[in-house]
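Engineer: Sending over a structure as structure tokens; questions will come in a sec.
The values are calculated or read from the model by the stated rules, or taken from the named source; none is laboratory data. The shown structure was predicted, so the numbers you read here are calculated from the model rather than taken from an experiment. Quick reminder, even Gly has a Cβ in these numbers, built from the backbone with ideal geometry, and neighbours come from all protein chains shown. The accessibility values were calculated without ligands, DNA or RNA, using every heavy atom of the protein model including side chains. Shrake-Rupley method; radii C 1.70, N 1.55, O 1.52, S 1.80 Å.
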Amino acid sequence: MTLVLHEYARSGNCYKIRLTAAHLGLALERREYDIMTGETRTPAFLEGVNANGRIPVLQVGDRFLPESNAACHYLADGSALVPADPFDHADMLRWMFWEQYNHEPNVATLRFWYGWIGEDNFSDVQRAMLPGKRAAGQAALQLMEAHLAAHDWFAAGSFTLADIALYAYTHVCEDGGFRLGDYPHVQTWLARVAAQPGHVTIGA
């Protein structure tokens with residue numbers, strides 16, 4: 001069955017799916033949308049791909065699966081990237097949920113603001129939100145640092161989707177003004193993830 005990734009290639013959420021597929025040896029057909037010009041807000045996209053107007057979306061045949069971590073789970077289900085033990089499986093999902101709730105809204109948002117909008121163009125609302133986003137992103141990275149001080153991986157003692165989900169935006173967090181040098185165990189883990197067979201870079 002043909003797998004099509006509807007994406008914006010520079011997005012970490014889209015990268016997660018490509019990285020998962022690469023580790024599994026799965027081929028993806030890629031369709032690029034420019035989020036800066038509203039290509040995911042057109043009637044054709046909203047009616048035919050995702051009514052929520054967002055990417056990534058994984059198309060499986062004639063069915064469409066939005067949300068990056070759900071798409072990663074679909075691709076990896078039954079593989080070594082998803083623990084077989086029920087508790088370990090749930091613990092992997094715990095980190096993936098946490099990534100979308102605590103990590104991505106802060107670390108990824110600041111990367112987008114600085115890299116795509118530009119600090120000189122921040123709105124008054126963004127400037128007001130900046131200290132809170134910064135503090136929450138630092139707290140997320142510090143929580144990762146504390147976990148990785150005692151563990152090589154995030155769940156099940158092995159490389160899983162939890163690591164892929166968290167790698168995507170953590171490895172480019174300095175684009176948002178965070179300092180990886182403050183988190184040495186995170187840096188070591190990033191190198192460990194990048195050394196896994198099948199790894200591809202965000203720009204590949």
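Engineer: Amide H to amide H, which residues 5 or more places from Leu3 or on other chains are under 5 Å from it, using H placed in the peptide plane?
Structural biologist: Residues meeting the amide H criterion: Glu29.
Engineer: I'd like the carbon and sulfur percentage of the solvent accessible area for the range 73-179, probe radius 1.4 Å, heavy atoms only, ligands and nucleic acids excluded.
Structural biologist: The nonpolar share, carbon plus sulfur, comes to 54 percent.
Engineer: Could you go through the range 100-114 in sequence order and give the Karplus-derived ³J(HN,Hα) for each residue, using 6.51 cos²θ - 1.76 cosθ + 1.60 with θ = phi - 60°, rounded to whole Hz, and x for Gly and Pro?
Structural biologist: For the range 100-114, the Karplus-derived couplings read 6, 9, 10, 8, 4, x, 10, 5, 5, 4, 5, 4, 5, 4, 6 Hz, x marking Gly and Pro.
Engineer: Students often check this: by mean Cβ neighbours within 10 Å, which of 10-21, 51-62, 84-95 ranks highest, and how do the rest follow?
Structural biologist: 10-21, 51-62, 84-95
Engineer: Calculate, for the chain, the solvent-accessible area per residue in square angstrom, rolling a 1.4 angstrom probe over the heavy atoms of the protein chains.
Structural biologist: 48
Engineer: Follow-up. Please turn the phi angles of the range 47-54 into ³J(HN,Hα) values with the Karplus equation 6.51 cos²θ - 1.76 cosθ + 1.60 (θ = phi - 60°), one per residue in order, whole Hz, x for glycine and proline.
Structural biologist: 8, x, 10, 8, 5, 7, x, 10
Engineer: Arg134 to Met1: extension gain in nm, 0.36 nm per residue of separation minus the Cα-Cα distance? Could the numbers behind the result be given before it?
Structural biologist: Details: separation 133, 0.36 × 133 = 47.88 nm, distance 4.22 nm.
Extending this stretch completely gives an extra 43.7 nm.
Engineer: Next question. Please figure out what share of the DSSP beta bridges in the chain is antiparallel and state it in percent, rounded to the nearest 5.
Structural biologist: Of the beta bridges lying entirely in the chain, close to 70 percent run antiparallel.
Engineer: Further, regarding this structure: Defining a contact as two alpha carbons under 8 Å apart and six or more residues distant in sequence, what relative contact order in percent does the chain show?
Structural biologist: 25
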